[in-house]
1. Can you put Thr43, Thr386 in order of Cβ neighbours within 10 angstrom, beginning with the fewest?
2. Would you please report the Å³ per residue occupied by the convex hull of the alpha carbon atoms in region 164-217?
3. What is the magnitude of the charge dipole of region 40-252 about its Cα centre, with +1 placed on the Cβ of each Lys and Arg, -1 on the Cβ of each Asp and Glu, and no other charges, expressed in debye to the nearest 20?
4. Rg/Rh for region 40-252 to two decimals, with Rh computed the Kirkwood way over all alpha-carbon pairs.
5. How far, in nm, would the chain grow between Ala330 and Lys152 when pulled straight, counting 0.36 nm per residue and subtracting the alpha carbon separation?
6. If neighbour count is taken as other Cβ atoms inside 10 Å, put Ile356, Ile181 in order from fewest to most.
7. Gain in length, Val259 to Glu141, computed as 0.36 nm per residue apart minus the alpha-carbon separation, to one decimal in nm?
8. If each of Met34 and Asp234 carries a label point 7 Å out from its Cα toward its Cβ, how far apart are those two points in nm?
Amino acid sequence: MAFAGLKKQINKANQYVTEKMGGAEGTKLDLDFMEMERKTDVTVELVEELQVKTKEYLQPNPTARAKMAAVKGISKLSGQAKSNTYPQPEGILADCMLTYGKKLGEDSIFASALVEMGDSLKQMADVKYSLDDNIKQNFLEPLHQLQMKDLKEVMHHRKKLQGRRLDFDCKKRRQAKGSQITDDEIRSAEEKFAESLQLAQVGMYNLLENDVEQVSQLVTFAEGMLDYHSQCSDILKVLVETLNEKREEAAARPKSEFVPKTLADINIEMLGSQEGMNGGSSSHLSSPVNKPTHLELLGNGQTQARSTNASPLPSPMRSPARTPIPTKPAQPCCTALYDFEPENPGELGFKENDLITLIQRVDENWFEGSLNGRTGYFPQSYVQVTVPLPTN
């Protein structure tokens, strides 16, 4: 059996080379079969590309997708199943608004409006997660099953048909040249060729005539998108009404008069003489009660503002210029606004008020930095940039 199989493979290879290089004519199939083959090939490409583009539509951030794939691979290697959800942009923006809305305080109408909008964006992110689950279950999963089962089976029958056609043509050609090929061998090869032809035709026909199921999956996809946008529209309508009320409330709030405080109001004493700046006598240092206040200096400029033992303050324009001491350029860094606990490998954890050295910006939401010899990624919303990264 092993020798017979090897001989058949040699015959197939011989016939293939003869057709390609020697110009031998193989058995031609009809145009209908060739059209089914073309449509099947297009379907194979379609199913593969449609899965990729649908995932990109649901999760458009390539950096986040790469990070999730890396975490998934590490989890498989370590044997620990770890849930890793895609960070929806609505959720990231919501976290920013909620954080700073709470920091501004409840007495600010703007802060209250930020919290309202942050809550609405959180709801939209949850609706987007529901859309993801719906599309993955009712659209991507059927496509994957079609790819791994029906298409795989059809392509197997087509490959087998090609092999049996080559074997059949090889035996006919060799018999015509006088080789010892019996009619029974040719008849057996012809029967196998006919069997594979029928299986390939039926498989491709069933695949291409499955429009009802495939269109139903598109309907499910479209319904999911409609439901997502409808829910987001309802959320945004309520949000706009709420924000308009906040705007009217802010416009109706009476504005209180504001008078900036002076140094005297916050108990900071002014220096009224040269002695006060240079140290003066011991009586001036030990008896601050007798030192004239800022108001007294302004009210009595002859007896107290100018004493016989004190010279006027030198003009700052005549002071000798100081040579600036060259300083080392500040390294790009940021300050942690609050604690960040890493959830995935490669992330950098830190505490509030930690000073983190910036290495690079990964995208609009993530930085790469180092702290105490550790390097990793962290979200931009958790820090305040002190010295920005240089722009390219």
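1. Numbers: Thr43 20, Thr386 14.
Going from least to most buried by this count: Thr386, Thr43.
2. On the way: hull volume 3.3 nm³, N = 54.
Enclosed volume per residue, from the Cα hull, is 60 Å³.
3. Working: 29 positive and 35 negative charges, 317 e Å.
That gives a dipole near 1520 debye.
4. Numbers: Rg = 29.0 Å, Rh = 22.6 Å.
That ratio equals 1.29.
5. Numbers: separation 178, 0.36 × 178 = 64.08 nm, distance 6.01 nm.
The Ala330-Lys152 span can extend by a further 58.1 nm.
6. Numbers: Ile356 25, Ile181 18.
In order of increasing Cβ crowding within 10 Å: Ile181, Ile356.
7. Length difference between fully extended and current span is 35.8 nm.
8. Rounded to a tenth, the inter-label distance reads 5.6 nm.
The numbers here are math on the coordinates, done by the rules we state, and not lab data. Model, not experiment: these values are computed from the prediction. As a convention, Cβ positions derive from the backbone with ideal geometry for all residues, glycine included, and neighbour counts pool all protein chains shown.
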